[in-house]
Amino acid sequence: MSRVSGVKGLFTVVKLSSLFILGPIFFWGSLGLVARGGLLRCPFPLPFLMCSICPVFCTYGSIRSFLFLGITGGGFVMGRVFCGLFCPAGVLQEFISKLSIAKLSLPLKLDTFLKSIKYLAIILVVGVFLKSVPAGVKFPFIDELWIFLGQNFKEVRIFLLIFLGVLLFAVLFAGRIWCKYLCPLGAWSGVFNRFSLFKLCLQEKKCKSCQKCAQACSVALNPLKEGDLNSLECVRCFNCYNECDERAIRIKPVFSQGRVEPNNGREGEML
């Protein structure tokens with residue numbers, strides 16, 4: 001087994017483990033068969049945001065702080081790595097998208113506009129979260145939203161479940177659209193791509209411009225384009241790394257960065 005094949009297999013194992021361990025915790029709040037919270041049984045209209053005042057014991061609520069610390073720590077090490085390897089929603093989208101026969105390609109302007117939605121979503125999430133903490137921090141329009149959600153709990157929950165079904169169907173044709181356009185956690189963690197200890201690096205002398213990396217990217221980036229490898233939009237799925245037969249895409253510590261690898265790719269090489 002080659003080194004790249006071994007690392008590719010390791011990444012696949014990590015993704016599957018995340019899907020089957022964190023997946024149940026996210027979707028029904030428990031590793032057991034009984035739904036106790038999570039996306040499906042959260043007693044609040046918007047799941048995951050009001051765990052600090054939730055009266056229901058939920059495994060997600062009990063690990064939320066540790067999960068946040070893990071995402072932050074992983075961000076400083078390797079950027080948006082939680083999104084690419086550990087988030088069950090992201091992994092599920094990636095595997096579903098592999099079943100697709102045809103992929104849709106959105107116009108650049110529309111794609112850019114849709115990517116901005118997740119940054120608006122994070123403002124909304126922060127506002128709702130601050131409303132839920134004991135201090136009860138005020139945030140514009142959040143009081144009205146809070147009342148609306150409480151008065152229309154069943155309707156909101158039905159809408160979310162329908163939206164989830166439509167989203168998973170759309171993934172077949174558009175890839176990881178939740179990660180690309182809507183995920184507030186992805187908007188926040190993407191910032192770490194700029195400041196992480198390890199980054200992706202393109203060795204131009206080895207690159208044959210075969211475009212396999214671009215075709216494999218789960219969020220439709222082009223690693224051959226300047227800036228895309230470590231852009232805010234990269235979810236660190238490492239598909240580009242796995243599919244490069246020439247090993248032109250490497251993982252390197254930030255202090256030895258550069259698009260052209262020094263000393264024929266030996267000095268400072270990590271993986």
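Could you tell me the distance between the Cα centroids of region 230-246 and region 48-63, to the nearest Å?
A separation of 34 Å, based on Cα centres.
If you take the square roots of the eigenvalues of the alpha-carbon gyration tensor of region 42-106 and sort them as a ≥ b ≥ c, do you get rounded (a/c under 1.5), prolate (a/b over b/c) or oblate?
Here region 42-106 falls in the oblate category.
Among 155, 204, what's the order by accessible area (1.4 angstrom probe), most exposed first?
Result of the area sort, largest leading: 155, 204.
Could you run the Karplus curve 6.51 cos²θ - 1.76 cosθ + 1.60 with θ = phi - 60° over region 245-252 and give me ³J(HN,Hα) per residue in whole Hz, x for Gly and Pro?
Each residue's phi maps through the Karplus curve to give 5, 8, 6, 7, 9, 10, 9, 9 Hz.
Quote the accessible area belonging to residue 178 in square angstrom, nearest 10, computed with a 1.4 Å probe and with ligands, DNA and RNA left uncounted.
80 Å²
With θ set to phi - 60° and the Karplus curve 6.51 cos²θ - 1.76 cosθ + 1.60, what are the ³J(HN,Hα) couplings of region 88-102 in order, to the nearest whole Hz, using x for Gly and Pro?
Values, residue by residue: x, 5, x, 5, 4, 4, 4, 5, 5, 5, 5, 7, 6, 8, 10 Hz.
Taking a ≥ b ≥ c as the square roots of the Cα gyration tensor eigenvalues, with a/c under 1.5 meaning rounded and otherwise prolate when a/b beats b/c, else oblate, which class fits region 132-255?
oblate
Peptides 88-99, 166-177, 115-126: what's the order by average Cβ count within 10 Å, highest mean first?
88-99, 166-177, 115-126
Give me the one-decimal nm value for the distance between modelled label points at residue 101 and residue 31, 7 Å along each residue's Cα-to-Cβ direction.
4.1 nm
Once the piece of chain linking residue 66 and residue 209 is laid out straight, how much longer is it, given 0.36 nm per residue of separation minus the C-alpha distance between them?
47.4 nm
Return one number: the angle in degrees, 0 to 90 and rounded to the nearest 10, between the long axis of the Cα atoms of helix 153-174 and the longest principal axis of the Cα atoms of the chain.
Result, in degrees: 20.
Scan around residue 197 for amide H atoms under 5 Å from its own, H built in the peptide plane at 1.01 Å from N, and keep only partners 5 or more places away or cross-chain.
77, 78, 79
Return the label of the correct value of Rg/Rh (Cα atoms, Kirkwood Rh), as calculated from the structure shown, out of (i) 0.99; (ii) 0.94; (iii) 1.12.
The value computed from this structure is option (i).
Per residue of region 225-241, what does 6.51 cos²θ - 1.76 cosθ + 1.60 with θ = phi - 60° give for ³J(HN,Hα)? Whole Hz please, x for Gly and Pro, Karplus curve as stated.
7, 4, x, 6, 4, 10, 6, 4, 7, 5, 9, 6, 7, 6, 5, 5, 4
The values are calculated or read from the model by the stated rules, or taken from the named source; none is laboratory data. Given the structure is predicted, the values throughout are model-derived calculations rather than measurements. Backbone-built Cβ (ideal geometry, glycine too); neighbour counts: all protein chains shown. The area values use the complete protein model at the heavy-atom level, side chains included, leaving out ligands, DNA and RNA. Shrake-Rupley method; radii C 1.70, N 1.55, O 1.52, S 1.80 Å.
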